[in-house]
Ligand code: SF4
Ligand code: SF4
Ligand code: SF4
């Protein structure tokens with residue numbers, strides 16, 4: 001999503017949790033602004049995701065009602081674009097590359113180890129909201145395969161046995177958290 | 001007009017015609033899986049490719065407009081090869097096995113493979129996701145057979161104004177279904193089955209009760225009664241090769257008897273009963289409004305169509321007080337059969353099994369509503385669609401076409417012509433007017449042949465007004481009143497009518513709503529495939545059935561009179577209230 005569309009910084013960046021009422025008011029504004037614009041659904045969804053960090057079901061239902069559009073259609077649009085997510089994402093977005101090079105050089109084992117370590121499946125977020133796990137396609141670092149991308153940083157030649165160390169290093173460095181602009 | 005040459009035949013077609021339309025006019029049929037009558041072409045299936053002279057690529061004939069002097073080859077070697085390839089690709093993803101498929105007799109994909117001479121599958125594709133959704137009482141969806149033509153999406157959103165279905169996800173992984181690929185039972189679907197009626201393949205069908213009904217018939221401890229809705233007799237013949245619009249009432253009664261039902265009865269009987277109860281309810285509401293100056297909910301809406309009830313409960317709860325409290329004829333039949341008739345034959349309600357044959361999938365839903373057990377047990381046990389009855393007739397090895405014409409059994413098989421027309425849009429209203437007018441004035445409804453033509457036919461929303469004069473003493477308050485009625489069919493039209501009412505206030509006294517286009521004759525459980533020409537033929541058959549009856553008004557039905565004398569006592573009386581009326585609940589669209 002282009003930066004210029006980004007509204008006020010999201011909750012996690014501001015450090016303070018934003019009240020539900022503020023979020024809902026923001027959603028009402030977004031709906032009011034876009035409901036009559038041709039093609040207004042996608043920008044409205046982008047702004048909503050930027051506001052909440054993801055697309056919560058009640059927000060989508062509100063958008064469906066506000067736009068006078070069946071919920072199935074709103075859901076269809078959300079599920080068509082991979083940059084929309086209906087689950088909250090963790091502070092760190094872990095993407096294990098499943099491109100051909102990474103795959104043949106152990107990417108699959110890395111993914112399995114990662115799932116085990118975090119105790120979540122692909123598409124899920126840990127209970128403490130720290131890590132979300134996804135698979136990625138080629139990050140352009142095939143020479144260093146297998147790679148794992150955590151937020152902005154590419155980690156190369158990852159060994160399944162050393163996943164724990166990797167995650168601890170990430171936490172220690174307190175990397176820049178995932179922002180909603182990330183696809 | 002534009003000149004166009006289709007397969008070396010020159011014809012002229014109106015401006016704005018598509019190649020597909022022009023070809024049909026020239027008597028050439030181009031196959032398509034996604035095209036729908038009266039709907040914008042969406043070009044989803046790519047089966048209708050044709051060759052246009054001078055164009056480099058093949059054109060999708062459903063969405064390509066004719067230009068003047070266009071020359072089209074619809075069945076050239078190249079066009080056929082391209083079409084075959086499209087179908088081969090569809091089949092390579094298709095996870096179905098025709099011999100066990102519900103649609104194998106009239107599947108459009110299967111027919112297309114035959115027509116295009118698909119002899120083998122050159123591509124071994126990844127199969128579509130396999131998930132059977134049996135979450136609703138009415139329908140079963142099988143995504144692995146879906147060809148993603150989107151007809152169901154269009155009918156649900158545009159014809160029915162519901163929008164429960166939409167493509168989810170993208171590319172190969174696209175699933176046509178409810179939001180986020182959840183099951184239909186989790187969303188505000190009204191169970192009308194119009195999606196099943198338009199699906200070209202076996203991806204959406206009714207949830208079958210055939211096996212359960214066979215079991216009941218075989219059980220010596222059960223007396224199994226069957227009721228058939230008025231719309232069945234005008235459509236069942238299509239399943240056995242008759243032209244649409246052929247009436248098969250007599251053969252149907254014969255077939256039901258041979259299948260082994262212990263009583264062959266007619267939902268028409270309780271359609272007549274509905275008119276007495278609902279007509280009285282309308283007159284009572286009018287009296288309260290005009291004489292007692294009470295606040296009553298007007299206009300009153302008909303309540304025979306369970307898809308409409310679901311629609312009102314989900315989307316228009318503010319109008320629930322306006323719905324007639326009358327149960328549908330199907331449910332009145334169940335309640336009367338398991339009380340009045342059970343007593344007559346010395347049985348307990350639980351010893352009877354009531355099976356209905358309906359043109360409708362939502363009736364399966366209605367039968368299992370918790371309110372519908374006023375006899376102490378579930379009033380209607382099983383609901384078969386017209387298609388399922390045809391299946392049972394075939395399974396029983398009955399040669400339908402050679403059956404004699406037989407009559408339905410007394411007393412619950414006796415009915416008037418007014419009951420027959422419940423099958424057509426406008427019919428319930430006409431039947432109600434025939435009776436209400438006569439109650440109020442003592443005279444017959446003053447229209448030619450008892451037909452209120454303004455509310456008949458396929459126009460989406462129809463209106464009529466009737467000034468009441470010469471009232472009997474009890475009904476003086478209606479003297480000079482202009483009774484205004486409206487009729488809508490298809491929930492999309494109904495939504496428009498209700499939105500207009502919300503914005504402008506009520507302008508009618510009585511409104512008939514039927515869920516399906518054309519009324520019950522176009523129901524989601526009727527023989528496939530139903531388009532307007534088929535609808536009109538079935539409508540014609542129903543009017544002919546009505547006109548052929550010696551008795552054409554519900555209040556003349558002697559068996560209904562006896563039912564009141566012996567059992568119910570009076571319309572809207574205590575027994576009626578308990579057995580024949582119901583109430584509605586707001587439902588949250590999930
Ligand atoms: S949907 Fe058609 S092609 Fe597929 S299994 Fe059923 S009958 Fe065969
Ligand atoms: S049954 Fe009717 S409301 Fe439900 S999905 Fe099908 S067309 Fe839509
Ligand atoms: S379910 Fe049937 S009508 Fe709907 S898209 Fe699939 S094949 Fe077409």
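The values are calculated or read from the model by the stated rules, or taken from the named source; none is laboratory data. The model shown is predicted, which means the values in this text are computed figures rather than measured ones. When we count neighbours, we look across all protein chains shown, and the Cβ atoms used for this are built from the backbone with ideal geometry, even at glycine.
Screening the candidates B:152, B:156 for the property of being more than 16 Å from ligand 1 (Cβ to nearest atom), within 20 Å of the chain's Cα centre (by Cα) and buried (at least 20 other Cβ atoms within 10 Å of the Cβ) yields one hit, B:156.
Among the candidates B:108, B:115, B:124, the residue that is at pLDDT below 95 and within 16 Å of ligand 1 (Cβ to nearest atom) is uniquely B:115. Candidates are the residues of region B:197-226 that are in a helix (DSSP H, G or I) and within 15 Å of ligand 2 (Cβ to nearest atom); the one that is farthest from residue B:256 (Cα to Cα) is B:198.
Number of residues in region B:130-149 that are away from ligand 1 (no atom under 15 Å from the Cβ) and either modelled with pLDDT under 95 or within 11 Å of chain A (Cβ to nearest Cβ) (or both) equals 1.
Listed by position, the helices (runs of 4 or more DSSP H) contained in region A:62-176 that have at least 3 residues being more than 14 Å from chain B (Cβ to nearest Cβ) are A:108-118, A:163-173. For region B:186-196, does any single residue satisfy the condition of being without any contact (Cβ under 8 Å) to a residue 24 or more places away in the chain, away from ligand 1 (no atom under 16 Å from the Cβ) and assigned by TED's automatic domain parsing to the domain that holds residue B:113? No: region B:186-196 contains no residue that is without any contact (Cβ under 8 Å) to a residue 24 or more places away in the chain, away from ligand 1 (no atom under 16 Å from the Cβ) and assigned by TED's automatic domain parsing to the domain that holds residue B:113. Set side by side, the residues B:494, B:471, B:441 differ, and just one is within 21 Å of residue B:285 (Cβ to Cβ), buried (at least 16 other Cβ atoms within 10 Å of the Cβ) and within 16 Å of ligand 2 (Cβ to nearest atom), which is B:494. Of the strands (runs of 3 or more DSSP E) lying entirely inside region B:49-156, those carrying at least 1 residues that are touching a helix residue (DSSP H, G or I) at 6+ places or on another chain (Cβ under 8 Å) and over 21 Å from residue B:201 (Cβ atoms) are B:49-52, B:70-73. Does residue A:60 meet the test of being under 30 Å from residue A:119 (Cβ atoms), modelled with pLDDT of 95 or more and buried (at least 20 other Cβ atoms within 10 Å of the Cβ)? So residue A:60 fits the description; yes. Answer yes or no as to whether residue B:230 is more than 16 Å from ligand 3 (Cβ to nearest atom), in a loop (DSSP other than H, G, I, E, B) and crowded, with 24+ Cβ neighbours inside 10 Å. Yes, satisfied. Scanning region B:304-321 for residues that are buried (at least 22 other Cβ atoms within 10 Å of the Cβ) and assigned to a helix (DSSP H, G or I), which turns out nearest to ligand 3 (Cβ to nearest atom)? Looking at the filtered set, the residue picked out is B:307. Of all the residues in region A:34-61, those that are within 21 Å of the chain's Cα centre (by Cα) and in a helix (DSSP H, G or I) number 17. Residues in region B:146-175 that are touching a residue at least 60 places away in the same chain (Cβ under 8 Å), more than 11 Å from ligand 3 (Cβ to nearest atom) and over 16 Å from residue A:70 (Cα atoms): B:172 alone. For region B:516-543, a tally of residues being under 21 Å from residue B:200 (Cα atoms), within 16 Å of ligand 2 (Cβ to nearest atom) and outside any helix (DSSP H, G or I) returns 10.
Listed conditions (1) closer than 27 Å to residue B:449 by Cα; (2) over 22 Å from the mean Cα position of the chain (by Cα); (3) surrounded by fewer than 18 Cβ atoms within 10 Å (Cβ to Cβ) are all met by residue B:557, apart from (3). Filtering region B:121-145 to residues that are near ligand 3 (Cβ under 8 Å from one of its atoms) and closer than 24 Å to residue B:359 by Cβ leaves B:141, B:145. The residues in region B:12-28 that are in a strand (DSSP E or B) and surrounded by fewer than 17 Cβ atoms within 10 Å (Cβ to Cβ) can be counted, and the count is 1.
Just wondering, is there one or more residues in region B:207-214 that are touching a strand residue (DSSP E or B) at 6+ places or on another chain (Cβ under 6 Å), more than 14 Å from every other protein chain (Cβ to nearest Cβ), within 16 Å of ligand 1 (Cβ to nearest atom) and under 29 Å from residue B:36 (Cβ atoms)? No, region B:207-214 contains no residue that is touching a strand residue (DSSP E or B) at 6+ places or on another chain (Cβ under 6 Å), more than 14 Å from every other protein chain (Cβ to nearest Cβ), within 16 Å of ligand 1 (Cβ to nearest atom) and under 29 Å from residue B:36 (Cβ atoms). Scan region B:162-186 for residues that are surrounded by 24 or more Cβ atoms within 10 Å (Cβ to Cβ), at the interface with chain A (Cβ under 7 Å from one of its Cβ atoms) and more than 8 Å from ligand 2 (Cβ to nearest atom) and the total you get is 2.
Among the numbered conditions (1) in contact (Cβ under 8 Å) with a residue 24 or more places away in the chain; (2) in a helix (DSSP H, G or I); (3) facing chain B (nearest Cβ under 9 Å), the only one that residue A:31 does not meet is (3). Restricting B:479, B:463 to residues that are more than 22 Å from residue B:553 (Cα to Cα), in the same structural domain as residue B:291 (by TED's automatic domain parsing) and surrounded by fewer than 18 Cβ atoms within 10 Å (Cβ to Cβ) narrows the list to B:479.
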